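A short write-up of the structure that comes next.
Each reported figure results from applying straightforward, stated rules to the coordinates on display, with no laboratory input. Just so you know, these numbers come straight off a predicted model, no measurement behind them. Cβ atoms come from the backbone with ideal geometry, glycine included; neighbour counts cover every protein chain shown.
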Amino acid sequence: MTQLQSLRGMVDLLPEQTRRWQAVEAVVRAQMQRWCCEEIRTPLLEVTELFARGIGEGTDVVGKEMYSFIDRGDRSCTLRPEGTASVVRAALQNGLLAQGVQRLWYGGPMFRYERPQAGRQRQFHQIGVEWLGVSTAASDAEVIALAWDLLAELGVTGLALEVNSLGTPEDRKLYRSRLVAWLEERSHALDSDAQQRLQTNPLRILDSKHPQTRALLQDAPTLEQSLAPSSRARFDAVLEALQDLAIPVQPNPHLVRGLDYYGHTAFEITSNQLGAQATVCGGGRYDGLVQQLGGPPTPAIGWALGMERLLLVLEAAAQVDPAGRAAQLVRVQGPVAYVVHRGEAAARQALLLCRGLRQRGVAVEQDASGSAFAKQFKRADRSGADWALVLGDAEVERGVVKLKPLQADVGEMAQEELPVADLDRLALCLGH
Ligand code: ATP
Ligand code: MG
């Protein structure tokens with residue numbers, strides 16, 4: 001029989017990798033708690049219209065990347081390609097907005113039918129933040145600082161923050177007409193994708209990855225030149241607040257983001273470790289979205305970061321600095337103790353010992369091979385355990401267990417043997 005494979009772009013997280021993810025998630029949780037963000041969990045499946053209306057029909061995500069299907073009740077459903085629209089829907093549906101400002105965060109899988117490559121999958125995972133009901137320039141800086149500080153806390157280095165202002169819908173309308181006029185004069189020099197976008201979504205041409213189009217865009221009019229004075233002042237206030245927070249900023253007039261709902265502040269955090277898929281985190285202000293989804297006018301801002309790319313950056317950072325925070329996070333942690341035993345009586349004793357220690361909070365692995373001591377010790381070493389607990393015939397006879405340090409840094413034991421029945425004392429000796 002042929003073996004079945006996972007779908008293209010859908011990746012298994014094996015235990016070693018899952019452990020790293022859990023370490024990152026623990027840091028995220030702690031950080032969100034300090035920033036008073038509450039977690040929200042929404043369904044993976046939503047009505048297609050939510051994304052069509054929320055993200056915009058002319059975007060790549062809605063136009064080309066969604067996993068949509070008709071369900072048995074004849075409804076068009078879509079696996080969520082991003083989190084913002086769902087969070088806003090949930091906040092509206094459950095009356096959260098009536099309770100005041102919402103500072104929400106979420107984490108989980110997203111689905112986009114893209115061409116898989118390093119740092120780009122069809123099922124990928126995001127951690128995101130959505131603040132609903134906040135409008136000040138300071139809140140823009142605050143939500144950016146949340147992302148920046150989280151990445152710093154994780155030990156990520158080589159980051160750059162790029163910021164742009166997309167202004168108001170009126171600013172963008174004015175800019176769009178200026179940009180289209182400018183590009184139409186040069187349309188022969190545009191790649192075919194850009195030529196098509198000139199009709200459907202001209203602002204998206206600005207973040208084209210096509211080299212020739214990028215070169216041409218160097219001289220294009222910028223959005224900044226079309227910002228109304230109030231939009232300009234708002235952008236300056238955001239930049240100033242970021243400066244106060246000592247977060248280095250690179251204004252990028254070509255940064256437009258892939259989803260239609262953004263206005264005013266838009267930003268991306270990139271890493272110099274990632275190559276082509278350099279963006280780790282992206283977000284911005286989306287003051288129009290809540291209304292677009294049927295709610296009251298509500299200012300809002302948020303961001304999402306890609307877990308797969310974050311892990312790639314962390315792994316690179318760990319290589320550069322093996323003693324640093326990132327290395328600590330990605331390091332495989334072994335159990336506290338590995339129980340090595342030989343003979344029937346010892347096996348029975350080992351079972352009791354392991355359970356008793358686990359009940360006292362100690363992570364213990366029990367050898368299950370029954371092979372020679374030397375082989376078991378090799379396995380104990382490979383497990384990364386701090387200690388080997390040894391039960392041989394001699395130990396069983398005397399009612400003791402031998403403690404053997406496996407790592408240089410666990411220190412010397414006052415005693416290298418303890419009564420096997422004294423589980424409290426054993427657990428204490430092992431640090432619990
Ligand atoms: P890109 O330009 O790389 O396609 P995007 O603008 O489509 O990114 P967003 O919708 O802003 O991405 O999502 C936020 C983050 O989620 C990205 O910065 C990236 O880290 C991650 N991300 C987006 N799409 C994927 C994907 N297909 N695979 C892995 N991570 C992704
Ligand atoms: Mg994309």
Given all pairs of distinct Cα atoms, the stretch 337-429 yields a Kirkwood Rh in Å of 13.0 Å
In Å, the Kirkwood hydrodynamic radius from C-alpha pairs for the chain sits at 25.1 Å
Exposure proxy check on 264, 188: fewest-to-most Cβ neighbours within 10 Å is 188, 264
Expected sort for 344-354, 303-313 on mean C-beta neighbours within 10 Å, highest first, is 303-313, 344-354
When 244, 60 are ranked with the fewest other C-beta atoms within 10 Å first, the list becomes 244, 60
Count of lysine pairs, the chain, Cα-Cα under 18 Å, sep. 8 or more residues or interchain, comes to 5
Nearest 10, in degrees from 0 to 90: the angle of helix 15-34 to the longest Cα principal axis of the chain is 60 degrees
As a percent rounded to 5, the proportion of antiparallel DSSP bridges among beta bridges in the chain is 80 percent
Taking the alpha-carbon centre of each part, the distance from the stretch 298-360 to the stretch 99-124 in Å is 24 Å
Rounded to the nearest 5, the percent of antiparallel DSSP beta bridges in the stretch 337-429 equals 45 percent
Between the Cα axis of helix 84-93 and the main Cα principal axis of the chain, the angle (0 to 90°, nearest 10) is 90 degrees
